[in-house]
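Just below is one structure, and these are the notes that go with it.
Just so you know, all these numbers are worked out from the coordinates, no wet-lab data involved. A quick note: this is a predicted structure, and the numbers were derived from the prediction, not measured. Quick reminder, even Gly has a Cβ in these numbers, built from the backbone with ideal geometry, and neighbours come from all protein chains shown.
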Amino acid sequence: MVQLKQSPLPLRNDSFEQQLKLVSVQLEDVLKAILPPPNTRLHEAMAYSVLGGGKRLRAFLTHAAADLFSVPSKTALDVAAAIEFVHAYSLVHDDLPAMDNADMRRNKPSCHKAYGEATAILVGDALIPLAFQTLSALKTSNDVRLELIHELSRVIGSGGLVAGQMIDLNQEGPIVTEEDLLTLQRLKTGVLFGFATEAGAILGHASSSEREALKNFGLLFGRMFQMVDDWLDGCGDEKVTGKPSHQDKDKLTFLTLLGPQALRKKVEETLKEALDVLSPFGEKAAPLKEAAQYACRWGTK
Ligand code: IPE
Ligand code: IPE
Ligand code: MG
Ligand code: MG
Ligand code: MG
C-alpha cells in the first residue's frame, strides 16, 4: 500500500467517529421501523441489503446539514433513511453480474450471491419506492415534502445516478479525458451526496445561497469520495473496504489516469475546496467538515 505523507489533518478523529456512530445507531432504528418485517424472502433480502453495515456517510451529512437549521433529528433521520434506501438499491444493482459482478459487499456476500439474481433485482426495485414512500410520509409542510421528492427523483434518474452508471459501464462511449471522469463521478456518486446535504437545507427552509452552498459541498464531497473509492480499488485493503479490490483495473479511473500519489494530491485539493464552500456557516459547520476529513482519509491505513 502507498504510504501517505504526513498531513496537517488528524488521521483519526475519535469525536467525529463517535458522532457518526451515534447517528448510525439512531438511523438503524429508523430503517428497521420503516422496512417491512422480514416475513417473505424479498423482505428478508431487503433487510439484508440495508441493515447492519455501511458507513452511513450520506445519512450523517443530511443529519448534520439539517442540524444547521435546528431541524428535528427524527425528521432528518427519516430523510436520511430514504437516501440510504436509494443508496442500498444502487449497491445491490451495482454488484449484479451484468454490472460490476462483485461477490462481496460490506464484508458479506452481495445480495445476488446470498439470494440470487432475480431477488436482487427485485430488492432494488422495491427499495426505490420505499424511499419515496418514506419522503411522502414526512411530517413537514407539503412544499418541503414535494421539493424533496422532486429533487431526489431528479438526481437518481436518467440525468443523474443512472446516467452515471451507464457511462461507467461504457454504454455511452469511451471515457477519455479527466473532464469525462469528473462528469461520471458527479453523476454516479456526486449528485446523491449533493442531495444528502441539500436535503438538510430544504428541510431547514434555508436561503437560496445557503442551499446552494450545501449542495455544492455535497457535490465536492461526492467527487472526493469517489476519488478515494477509486484509490481504494487499487491500493486499499479488501478487509477494510468489505468489497473486492481491482474491479476497475481495466477502466479509466482517477487512479489509472493519475497514479496513486497524484490522485492523493487531488483528493486533498478537493477536500480543501469542499471545506472552503462551508465558510459562510462558520463553526456550526464543524461536523460537516469533520465528515469530509474523515472520508478523505477513510481506508488509507
Ligand atoms: C459505495 O458507497 C459506492 C460508492 C459511491 C463508491 P459507500 O462507500 O458509501 O458504501 P457504504 O454505504 O459505506 O457501504
Ligand atoms: C458505485 O460505484 C456507484 C453507485 C452504486 C451508484 P462503484 O462501482 O465504484 O462502487 P463500489 O466500488 O462497487 O462500491
Ligand atoms: Mg460500479
Ligand atoms: Mg461497483
Ligand atoms: Mg468503486
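A few points about this structure:
- From the alpha carbon centroid of the range 30-73 to that of the range 239-301 is 23 Å.
- When you restrict to C-alpha pairs under 8 Å that are six or more residues apart and normalise by the size of the range 87-225, the relative contact order lands at 17 percent.
- For the chain, size of Cβ-based charge dipole, Lys and Arg +1, Asp and Glu -1, in debye: 640 debye
- Annotation for Gln171 and Leu146: the two label points, set 7 Å from Cα along the Cα-Cβ direction, are 3.2 nm apart.
- Calculated SAXS-style log₁₀ I(q)/I(0) at q = 0.18, 0.19 Å⁻¹ - the range 21-164, Debye, Cα scatterers: -1.06, -1.17
- In nm, spacing of pseudo-spin labels at His43 and Ser73 (7 Å Cα→C-beta vector): 2.9 nm
- Taking Cys111, Cys235 and counting other C-beta atoms within 10 Å, the order from fewest to most: Cys235, Cys111
- Across the chain, Cα pairs under 8 Å and at least six residues apart give a relative contact order of 20 percent.
- Residue of Ser73, Ser141, Ser49 that the Gaussian network model of the chain assigns the largest fluctuation, springs spanning Cα pairs under 10 Å: Ser141
- Each of Ser207, Ser70 was scored by other Cβ atoms within 10 Å of its Cβ. Listed from fewest to most, they are Ser70, Ser207.
- Assigned charges on the beta-carbon of Lys, Arg, Asp, Glu; the range 142-187 dipole about Cα centre (debye): 180 debye
- CD proxy at 222 nm, helix term only [per DSSP H run n ≥ 4: -39500 (n - 2.57); per residue of the chain; nearest 500]: -21000 deg cm²/dmol
- Among Ala64, Ala114, Ala137: highest mean-square fluctuation, GNM of the chain, C-alpha pairs under 10 Å: Ala137
- Whichever lysines have a C-alpha closer than 19 Å to that of Lys113, once near sequence neighbours (fewer than 8 apart) are set aside: Lys239, Lys243
- D (Stokes-Einstein, µm²/s), Kirkwood Cα radius, the chain, 1.306 mPa s at 10 °C: 82 µm²/s
- R0 of 41 Å, Cβ-Cβ distance His205-Ser15: FRET efficiency to nearest 0.05: 0.90
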